[in-house]
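K.L.:
The structure follows.
The values are calculated or read from the model by the stated rules, or taken from the named source; none is laboratory data. Because the structure is predicted, anything quoted here is derived from the model rather than measured. Cβ sites come from the backbone with ideal geometry, for glycine too, and all protein chains shown count toward neighbours.
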């Protein structure tokens, strides 16, 4: 009986820790999906501009990676 009690306590603590790790407890703010920013009427203009900037930065990074692949360094 003592073993089951210890197992139940350890299991309960383990589940509680998993819940705390995977929850967003304490995080605040809003999160926007940039894939929908260009058409969504409820997204603020500032969010749309930030998403556009993120897309531009990503495009530049990808273009630079493609250029780096084409350059043969000796």
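K.L.:
Can you confirm whether region 15-29 contains a residue that is outside any helix (DSSP H, G or I) and either at positive phi or at pLDDT 90 or above (or both)?
P.N.:
yes
K.L.:
If you don't mind, there's one more thing I want to ask. For region 34-72, which residues satisfy the criterion of being exposed (fewer than 10 other Cβ atoms within 10 Å of the Cβ) and assigned to a loop (DSSP other than H, G, I, E, B)?
P.N.:
Listed by number, the residues that qualify are 39, 41, 42, 71, 72.
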